[in-house]
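S.K.: One structure is given below, represented as C-alpha cells, and several questions about it will come after.
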Amino acid sequence: MKKILLIAVVSLIGISASAQKFAHVNFQELVQLMPESDQARATIQESQKNAQESYQEMMNEFQDKYAKYQQNVSTYTAATRKAKEDELTQIQQRIQEFSQNVEQELQEQQQKLMEPIYKKAKEKMQEIAKAGGYIFVFDRSSLLYIDEAQSTDITPECRTALGIPAERTMESLQAELAAKAAANSAQ
C-alpha cells in the first residue's frame, strides 16, 4: 500500500512539474529603454556637467595661484612663502574633498532616480507573469542557458506595457547616447 501511495505521489509531482510555466525577461534592457530612464540619464548628466565645471574652476584657481607662487617664490619672505604654501595645500584638500563628495552624491542621485524606474519595471513584469500563469521569471542577463522551447520570453509584452517603442533597441539607445556625447564634447 505504501509503495502504491509513493508511486502516486511521485507521478503527481512529475505531472505538476511538467505543467509549470517558466518565463524569462531581459530586465536591464527594459529599464534602460524606458522613457523614464531617458529623463534620469539627462538629470544625472546635467549634475555631472555641473560638478565637472565646479571641479575645473577649483583646478583653475589652484593652477593660477601655483603659477603665481612659482613666479614670485624667490621674492617671498619665509612667512609669506609658508602662507602661500599653506593656501595651496588647502586648495588641494578642498579639491580632493569635493571630488570624493561629488562622486558619492552622484551615485546617491543615480540610485534615487533609478529606484522608481526599477520598481515600475518589476511591477509590470510581475503583472504580466501572474496574468500568464508563470511560476518563475528569470532575468535573461543572469542565465547561462535558456531552453526557448520551455521558457517564454515576456520581454516584448513588458516593453509594450512600459511604453517602450517597438523600434527602440539597445543598439539605437547606444547610438543615441554616443551622438549626445559627441555633441557635448564638440561644445
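S.K.: Picking from 90, 70, 96, 107, which residue would you name as being within 28 Å of residue 174 (Cβ to Cβ), among the polar types (S, T, N, Q) and either in contact with a Gly (Cβ under 8 Å, 6 or more places away or on another chain) or without any contact (Cβ under 8 Å) to a residue 60 or more places away in the chain (or both)? Spell out how you get there, then give the answer.
M.R.: Values: 90 fails: within 28 Å of residue 174 (Cβ to Cβ); 70 fails: within 28 Å of residue 174 (Cβ to Cβ); 96 fails: within 28 Å of residue 174 (Cβ to Cβ).
After ruling out the rest, the residue left standing is 107.
S.K.: Does residue 112 satisfy being closer than 16 Å to residue 162 by Cβ, without any contact (Cβ under 8 Å) to a residue 12 or more places away in the chain and of a type in the set (D, E, K, R)? Steps first, please.
M.R.: Working: closer than 16 Å to residue 162 by Cβ: no; without any contact (Cβ under 8 Å) to a residue 12 or more places away in the chain: yes; of a type in the set (D, E, K, R): yes.
It is false that residue 112 is closer than 16 Å to residue 162 by Cβ, without any contact (Cβ under 8 Å) to a residue 12 or more places away in the chain and of a type in the set (D, E, K, R).
S.K.: Given the conditions (1) touching a strand residue (DSSP E or B) at 6+ places or on another chain (Cβ under 9 Å); (2) surrounded by 11 or more Cβ atoms within 10 Å (Cβ to Cβ), report the number of the one that residue 143 does not fulfil.
M.R.: Condition not satisfied by residue 143: (2).
S.K.: Tell me, which helices (runs of 4 or more DSSP H) lie completely within the range 74-187 with 3 or more residues that are farther than 25 Å from residue 43 by Cα?
M.R.: Here the list reads 78-132, 155-161.
S.K.: Let me ask something additional. Could you tell me whether residue 166 is among the hydrophobic types (A, V, I, L, M, F, W, C), at pLDDT below 95 and either closer than 22 Å to residue 52 by Cα or surrounded by 11 or more Cβ atoms within 10 Å (Cβ to Cβ) (or both)?
M.R.: In short, no.
S.K.: Another one. Among the candidates 160, 152, single out the residue that is in contact (Cβ under 8 Å) with a residue 12 or more places away in the chain and closer than 20 Å to residue 26 by Cα.
M.R.: Numbers: 160 fails: in contact (Cβ under 8 Å) with a residue 12 or more places away in the chain.
Answer to the check: 152.
S.K.: Sort out which residues of the range 169-180 are loosely packed, with under 11 Cβ neighbours inside 10 Å and either touching a residue at least 40 places away in the same chain (Cβ under 8 Å) or touching a Leu at 6+ places or on another chain (Cβ under 7 Å) (or both), and write them in order of number.
M.R.: Across the range 169-180, there are no qualifying residues.
S.K.: A follow-up question, please. Looking for whichever is modelled with pLDDT under 95 and surrounded by 12 or more Cβ atoms within 10 Å (Cβ to Cβ) here; the options are 73, 102. Which one fits? Working first, answer last.
M.R.: Numbers: 102 fails: modelled with pLDDT under 95.
Going through 73, 102 in turn, the sole match is 73.
S.K.: For the range 76-98, enumerate the residues that are within 16 Å of residue 55 (Cβ to Cβ) and either modelled with pLDDT under 95 or among the β-branched types (Val, Ile, Thr) (or both).
M.R.: Matches in the range 76-98: 91, 95.
S.K.: Here's something else I'd like to know. Go through the range 132-187 residue by residue and tally those that are of a type in the set (D, E, K, R) and farther than 22 Å from residue 34 by Cα.
M.R.: Of the residues in the range 132-187, 2 are of a type in the set (D, E, K, R) and farther than 22 Å from residue 34 by Cα.
The values are calculated or read from the model by the stated rules, or taken from the named source; none is laboratory data. Note that the structure is predicted; figures quoted are calculated from it, not measured. Because the Cβ atoms are built from the backbone with ideal geometry, glycine has one as well, and the counts that use them run over all protein chains shown.
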